[in-house]
Every structure is written in structure tokens, then in C-alpha cells.
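Report on the following structure.
The values are calculated or read from the model by the stated rules, or taken from the named source; none is laboratory data. These figures come from a predicted structure and were not determined experimentally. Cβ sites come from the backbone with ideal geometry, for glycine too, and all protein chains shown count toward neighbours. Please note that ligands, DNA and RNA were not included when accessible areas were found on the heavy atoms of the full protein model with its side chains. Shrake-Rupley method; radii C 1.70, N 1.55, O 1.52, S 1.80 Å.
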Amino acid sequence: VTVTDLLPRALRYAAAVGADTVVRADDPDDAGWPCEVDVAVEASGVAAGLDTCLRLVRRGGVVVLLGMLPPGQSPFAGNLVVSREIELRGAFRFDTEFDDSLRLLAAEGAFDALVGAVVPVGDAEAAFALAADRDRSCKVLLDFGD
């Protein structure tokens, strides 16, 4: 698993939970970039991220669009999709995956490193402000307990 991001802190989080390689997304000369991948997940919602995925996925590979691209037309290298027989998949909402995801998260203690804070639900506004600040947190949980 190779994870890319623009922020060093995000890359540290990825490494903490088991990424094999982390790469600065804005550094094309980074030695960590793989030659090819079987599956690429575009989660940034930026056209440049989609372009990188299309260029790195192997012939016949799969690119999953998870990030929400802006409304309207987004340019992409459609010629690569055709000539390399790349499969594009969209993923918009989740339903039955939540139970499986919660079981996996509970079973793997490494994911605890992603939780920057647990905030009482009464302080939800402050929790959302903290969650929006990627320099201070990765994931912020709301506590609905007593």
C-alpha cells in the first residue's frame, strides 16, 4: 500500500497505521513512487490526483474515484483509459460497509493513532473546528456518553 498526500503529517498518520510507502504527492522525483499499481484510489477530489492515478495504474487496472471532483467538466486522460483498458469506478455512499469497518477498526490497535481527540457532544462545534484543522488532528470523535 502506497499513500500519497501533500502534508507530511498526513503521511505520518498513514505510516502509523501500516502504509508500506508514503510519498509526497507534489514530488514526482520521490523514489517511493511505484512503477505501476493494480488499484489506485483517488480520494482528493482534484483532477491532478485522477491524472496521477491513471498514469500509475497498470494496464487493465482499476481506478476508484472516491474524492468528489468539482461540479461541471473535469479534464482527464481518457486516451489512457481506452489504450490501457483501465476500469474507472465511482464510490459515492456507504451502507453495509459500516459494520465491517467498525469491526476492523476495533480489531487493529494501530488505528488508535489516528484519533486526535475525543470531545463531548456538547462541544461539537469545537470538535468540528478541530477536525477541520489538518495541522492539529486527523480524526476527532464525538462522545455521546454520560
Report summary line: Checked pairs for region 113-140, first under 16 Å from residue 7 (Cβ atoms) and touching a residue at least 40 places away in the same chain (Cβ under 8 Å), second of a type in the set (Phe, Trp, Tyr) and surrounded by 13 or more Cβ atoms within 10 Å (Cβ to Cβ), C-beta under 6 Å and 6 or more apart or across chains, list as 114/13; 138/13
Requested in this report: State yes or no: is residue 108 at pLDDT 90 or above, among the acidic types (Asp, Glu) and surrounded by 10 or more Cβ atoms within 10 Å (Cβ to Cβ)?
Outcome: no
Report task. Name the single residue, out of those in region 130-146 being loosely packed, with under 12 Cβ neighbours inside 10 Å and either in contact with a helix residue (DSSP H, G or I) (Cβ under 9 Å, 6 or more places away or on another chain) or of a type outside the set (A, V, I, L, M) (or both), that is nearest to residue 11 (Cα to Cα). Result -> 135
Report task. Select from region 57-72 the residues that are more than 13 Å from residue 87 (Cα to Cα) and aliphatic (A, V, I, L, M) and write down the one among them that is most open to solvent (accessible area, probe 1.4 Å). Result -> 68
Report summary line: (1) more than 15 Å from the chain's Cα centre (by Cα); (2) surrounded by 13 or more Cβ atoms within 10 Å (Cβ to Cβ); (3) over 19 Å from residue 89 (Cβ atoms) all hold for residue 37 apart from (3)
Query raised in the report: With respect to the numbered conditions (1) more than 22 Å from residue 41 (Cβ to Cβ); (2) open to solvent by 70 Å² or more (accessible area, probe 1.4 Å), which one is the sole condition not fulfilled by residue 103?
Result: (1)
Requested in this report: With respect to residue 80, determine if the residue is in contact (Cβ under 8 Å) with a residue 40 or more places away in the chain and surrounded by 13 or more Cβ atoms within 10 Å (Cβ to Cβ).
Outcome: no
Query raised in the report: What is the one condition in (1) in contact with a helix residue (DSSP H, G or I) (Cβ under 8 Å, 6 or more places away or on another chain); (2) modelled with pLDDT of 90 or more; (3) under 27 Å from residue 12 (Cα atoms) that residue 39 does not satisfy?
Result: (1)
Report task. Output the residue which, of all residues in region 115-129 that are aliphatic (A, V, I, L, M) and under 21 Å from residue 17 (Cα atoms), is most open to solvent (accessible area, probe 1.4 Å). Result -> 118
Report summary line: From the option list 57, 118, 140, single residue qualifying as of a type in the set (A, V, I, L, M) and within 22 Å of residue 38 (Cβ to Cβ) is 57
